[in-house]
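Here is the structure we will look at.
The values are calculated or read from the model by the stated rules, or taken from the named source; none is laboratory data. Remember, predicted model here, so these are calculated numbers, not experimental data. Counting neighbours? That spans all protein chains shown, and the Cβs are built from the backbone with ideal geometry, glycine included.
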Amino acid sequence: MNVGVIGTGAIGTDHIRRLTGRVAGARVTAVFDVDTARAATVAAMAGAASHREADDVIDDPAVEAVLVASPGDTHADLVLACIAAGKPVLCEKPLASTSDAALKVVEAEVTYGRRLVQVGFMRRYDGGYLGVKTALAAGRIGEPLLVHCVHRNVSVPPSFTGDMSLTDSLVHEVDACRWLLDQEIVAATVVDVPHSPLALPQLRDPRLVLLETERGIVIDAEVFVNARYGYDVRCEVVGTTGTVALDAPSTGVVALEGGRVQALPMDWEARFGQAYVDELQAWVDAASQGTADGPSAWDGYAATAVAEAAVASRGARTKVDLAERPGLYSGESLP
């Protein structure tokens, strides 16, 4: 299957490498980025054509499916163009920068009549999260009561501003919890905590967010994007008869001098590299049949709506304003 890629930043270039060397049934044939020199270099690496505009990738008759890895505020329009062209599309998160824009994508896909959109919530393909999902589905810890989540980065670049810890980081916890619990999130409250002096001045970091599901489960999610010591993602679900948590990957535990030292990954690539490969393989397998699987446009919309409520919270409990879920997605659990 011929894939066109829009965006050759860090994640886009990594995806091109994966599609070229680690995913079966796909080849990258067209590339675009506003940085034309970088796009040309990456395209040459993949043996692909470098186009002058993003729409040229989508409209290229040789391109059968599109991967969108450009900045988040461009996602919705590009995905809408893919739907109009009838081409399956994998869109990196977020699906859109506002819930209204994300809902337009949902409505366009519903009008088209079948799923074409997959959103890049790769945690659903991670072995640790899949282990938690399996335990919950089997009822091994009884009825879930609450969830603890941690999302810590070593640092973020200066371009990471304002509420991006909610709109670009928290959305992973939002989607993972919706999927694990098979429930929508209906309210969000951001709790103020002391500001780290090592964080960028324009960020409130860390953030603590309380989320509530439609059946009353409470999720506490810590997002700390300047934690410095490592890339650390955790999730524990507490149930009536036990708990289940994902294991943090490690390159080894060293025991010496009366202590134990566990190595941590330093970035998302080291932590979720295999999940990205498995995500891409699932997308290619579905897209080659002209459809989409995995996290849907509805999932992208719901995650954006929850992040919006968190941004609006300012310490007060804020309801999540969700549209009615269309029938196109009603045959799925929160997949």
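Check 313, 296 and return the single one that is surrounded by 13 or more Cβ atoms within 10 Å (Cβ to Cβ), touching a helix residue (DSSP H, G or I) at 6+ places or on another chain (Cβ under 8 Å) and either among the hydroxyl-bearing types (Ser, Thr, Tyr) or at pLDDT below 95 (or both).
Matching residue, one of 313, 296: 296.
Matching residues to (1) among the β-branched types (Val, Ile, Thr); (2) in contact (Cβ under 8 Å) with a residue 40 or more places away in the chain:
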| position | (1), (2) |
| --- | --- |
| 253 | yes, no |
| 276 | no, yes |
| 289 | no, no |
| 295 | no, yes |
| 298 | no, yes |
| 302 | no, yes |
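Just to check your reading of the model, which residue among 22, 18 is within 25 Å of residue 175 (Cα to Cα), outside the structural domain of residue 170 (by TED's automatic domain parsing) and touching a residue at least 60 places away in the same chain (Cβ under 8 Å)? Let's see the steps before the verdict.
Values: 22 fails: within 25 Å of residue 175 (Cα to Cα).
Just a single option satisfies the conditions, and that option is 18.
Go through the stretch 221-230 residue by residue and tally those that are buried (at least 17 other Cβ atoms within 10 Å of the Cβ) and part of a loop (DSSP other than H, G, I, E, B).
Step one: of the stretch 221-230, the residues buried (at least 17 other Cβ atoms within 10 Å of the Cβ) are 221-227, 230.
Right, trim to part of a loop (DSSP other than H, G, I, E, B) and you get 225-227, 230.
Qualifying residue count for the region: 4.
Residue 325 passes all but one of (1) more than 17 Å from residue 219 (Cα to Cα); (2) buried (at least 20 other Cβ atoms within 10 Å of the Cβ); which number fails?
(2)
Do you know which of the residues in the stretch 239-263 that are crowded, with 17+ Cβ neighbours inside 10 Å and of a type in the set (A, V, I, L, M) is farthest from residue 179 (Cα to Cα)?
248
Of the residues 72, 9, 86, 47, only one is of a type outside the set (A, V, I, L, M, F, W, C), under 17 Å from residue 276 (Cβ atoms) and surrounded by fewer than 24 Cβ atoms within 10 Å (Cβ to Cβ); which? Explain how you work it out, then say what you get.
Values: 72 fails: under 17 Å from residue 276 (Cβ atoms); 86 fails: under 17 Å from residue 276 (Cβ atoms); 47 fails: under 17 Å from residue 276 (Cβ atoms).
Exactly one of 72, 9, 86, 47 is of a type outside the set (A, V, I, L, M, F, W, C), under 17 Å from residue 276 (Cβ atoms) and surrounded by fewer than 24 Cβ atoms within 10 Å (Cβ to Cβ), namely 9.
Go through the stretch 252-290 and report how many residues are charged (D, E, K, R) and at pLDDT below 85.
Of the residues in that region, 2 qualify.
Out of 55, 77, 73, which single residue is farther than 25 Å from residue 291 by Cβ, charged (D, E, K, R), outside any strand (DSSP E or B) and outside the structural domain of residue 176 (by TED's automatic domain parsing)? Give the derivation first.
On the way: 55 fails: farther than 25 Å from residue 291 by Cβ; 77 fails: farther than 25 Å from residue 291 by Cβ.
Result of the check over 55, 77, 73: 73.
In the stretch 1-42, which residues are part of a loop (DSSP other than H, G, I, E, B) and either under 23 Å from the mean Cα position of the chain (by Cα) or not acidic (Asp, Glu) (or both)?
Going through the stretch 1-42, the residues part of a loop (DSSP other than H, G, I, E, B) turn out to be 1, 7-9, 22-26, 33-35.
Those that are part of a loop (DSSP other than H, G, I, E, B) and either under 23 Å from the mean Cα position of the chain (by Cα) or not acidic (Asp, Glu) (or both): 1, 7, 8, 9, 22, 23, 24, 25, 26, 33, 34.
Taking the condition assigned by TED's automatic domain parsing to the domain that holds residue 161 and without any contact (Cβ under 8 Å) to a residue 40 or more places away in the chain, does residue 260 pass?
Numbers: assigned by TED's automatic domain parsing to the domain that holds residue 161: yes; without any contact (Cβ under 8 Å) to a residue 40 or more places away in the chain: yes.
Answer is yes for this residue.
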